[in-house]
Every structure is written in C-alpha cells, then in structure tokens.
Amino acid sequence: MSEQDPIPFRRPTIAHAGSVGAPQGITSGSHAQATPQTTRFNRLELNQILNLYGRKVASGEWRDYAIDFLRETAVFSVFRRSSECPLYTIEKSPKLARKQGAYSVVAANGLILKRGPDLARVLEVLDKRVKLLQH
C-alpha cells in the first residue's frame, strides 16, 4: 500500500451478547445497527441555493442562513438578521415528490410561495429582478 492509497475505515459496532470471536463490544458489521436516515440537500441543490444566497447577500437583502436536516425534511432558512425569525425557508420533502413536488419556498408567515419538483424553478420566486419599463 502506497501513501496515496486511501485507508479503508470500518466503523466498529456493538456486538450481541454471546458473539464469539470478536472483542467485547465490537463486531464485524454483519449485525450493524441501522442509523435513522435524515433528508439532506445534495451538492447540486445546495449549489443552486447558495448561488441565490450569495446574490442576495451582495445586494444587502440577506445576511445569515441556517441549515437543518430533519428526518423527513431538509430546511435552508434565510435571515435578514440572525436574531430574527427567518424571512424564508427553502424546504425539501421527498415524501411530497410525487404529489406536489419535493421543493417549496415558505414565507415567514407560513404562506407557501411556490412548490414544485424543480428546485431552480421554485427558487425563481425569490430571485425576482427589477425590470425597467420604458415608455
């Protein structure tokens, strides 16, 4: 094994009472316990959200954010000031993917501004640019 090769890592798990051949408290992974799954944003989704966030910070509208990974929902909250409640939350709920769409943007008062299956289209509701009208 050279220095560039990755070192394989196996996480020890708790052994069942009476298992033979394994040190006390460690087993070979065949009886590994299932960890509770959480919903997360993948890299592409997070990239789209952070691009919008960066534009809004540059324009002075937003100043802080928080990310929460819950069991059924991933939430990206946007704040004007960190001491206040969030202005908007961008939520991902995979259970709603076939019904209403997995993504939604929710205002501070709980009103769902936009919901759909495509994150880029859902984020458009927050990225309204001012257009000049000429007479």
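The table below lists the values:
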read-out	value
Subset of segment 74-123 [over 13 Å from the mean Cα position of the chain (by Cα), among the charged types (D, E, K, R) and surrounded by 14 or more Cβ atoms within 10 Å (Cβ to Cβ)]	80, 114, 115
Output for segment 63-90, where each listed residue is out of contact with any helix residue (DSSP H, G or I) (no Cβ under 7 Å at 6 or more places or on another chain) and closer than 17 Å to residue 37 by Cα	67, 68, 69, 70, 71, 73, 74, 75
Test: residue 49 is modelled with pLDDT of 90 or more, part of a helix (DSSP H, G or I) and under 17 Å from residue 128 (Cβ atoms)	yes
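The values are calculated or read from the model by the stated rules, or taken from the named source; none is laboratory data. Remember, predicted model here, so these are calculated numbers, not experimental data. Positions of Cβ are generated from backbone atoms using ideal geometry, with glycine treated the same way; all protein chains shown enter the neighbour counts.
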